[in-house]
Structure formats: structure tokens, C-alpha cells
Amino acid sequence: MCSLRLGRAAGAAVCAALTLAGCATAPGVQRLSQPSLDCMQAVVARKLPPRIPDKQAHCYAAGMIARYCSVTEAYVASVGKEVGDLFNGSGDFEWADLAADRLGIGCESHASSDEALERCCLAELQRRHLPTSPGEQEVTGAEASPQARH
């Protein structure tokens, strides 16, 4: 992966620097916990509002993990959650969840605060017509197809 035409030591240093750069919190934000899994779980427990629509939870969680852990860990959590849903028998795997996660990570890249991240997620989800309030229903699967409405 890091097979640049550098000496072995220089190549290792470049790889280490790139790896560490991918595991940094947002500027001025303190990491919530050291091990990756502990950090991800701490973010979900401390930063995620209770009882919010699924896509909003995905956007917030991924954005907050990117903010308080790292962007790399946010992508790992995102894909890990959906792969788990695919194989745990719940039938909850959704490509739209991954899209909402990606929105949250994107929102974090220019958010100056947790509140700004939440506002960005709400705006982006609404722009894409994804549920953003507890009363809204998510339409998925057969219910979403035009044939199911006739």
C-alpha cells in the first residue's frame, strides 16, 4: 500500500504519517477515549440525542465519530454497522444508512461545533428528502416502489 520509491525507513515514516493523519480528531477537539471501539461507543452514548429518526442518527453518529475520534474510525463504524446488520439476521442493512453516514462525515469537515454538525445533517437530510423528525415515516423496500402505490 505504501510502496513509494523511497528508502525503507523514509517509506515507513511516510506511511506512519499518513496513517496517523487519518486518525486525528477535528481541530481543537479532545478525543473521548483512546481505543477506537471505546471512542466510537463513547460518542454514541454521550453525543447522540435519544429517539431520533434512523437516518438522522446515522448522520449525527458518523459526524460525531469523525469529530471526536477520526474520519477513518467514522468510516469503519459506518461500514461495520451495516455489515453487522447484513449478517445478524435483523434485515436492517440499507445503502441509505451508508449515505447518511457519509453526509455526517462530510458535514463534520466544515462544522465548527456539535450544533453546526447537527444543523448541517438536518439540512442535508431534508435536501435529500430523508426523515428528520420522529413523526416522519421512512419508506423503504417494496413500499418505496411506484408499483406498490398503485
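The values are calculated or read from the model by the stated rules, or taken from the named source; none is laboratory data. Everything quoted here is computed from the prediction, not taken from an experiment. Note that each Cβ is placed from the backbone with ideal geometry, even for glycine, and that neighbours are counted across all protein chains shown.
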Within the stretch 67-83, track down each residue that is more than 14 Å from Val44 (Cβ to Cβ) and not polar (S, T, N, Q).
Val71, Tyr75, Val79, Glu82, Val83
Some residue of the stretch 52-67 being in a helix (DSSP H, G or I), at pLDDT 95 or above, surrounded by fewer than 16 Cβ atoms within 10 Å (Cβ to Cβ) and not hydroxyl-bearing (Ser, Thr, Tyr):
no
Can you list residue pairs whose Cβ atoms sit under 6 Å apart, with the first residue in the stretch 96-118 being touching a residue at least 40 places away in the same chain (Cβ under 8 Å) and at negative phi and the second being surrounded by 15 or more Cβ atoms within 10 Å (Cβ to Cβ) and in a loop (DSSP other than H, G, I, E, B)? Count only pairs 6 or more apart in sequence or on different chains.
Leu117/Ala111
Per the filter on the stretch 96-117, residues in contact with a helix residue (DSSP H, G or I) (Cβ under 6 Å, 6 or more places away or on another chain) and not aliphatic (A, V, I, L, M) are Asp97, Asp101, Gly104, Cys107, Glu108
Tally time: how many residues in the stretch 43-64 are among the β-branched types (Val, Ile, Thr) and either in contact with a Lys or Arg (Cβ under 7 Å, 6 or more places away or on another chain) or under 17 Å from Leu125 (Cβ atoms) (or both)?
1
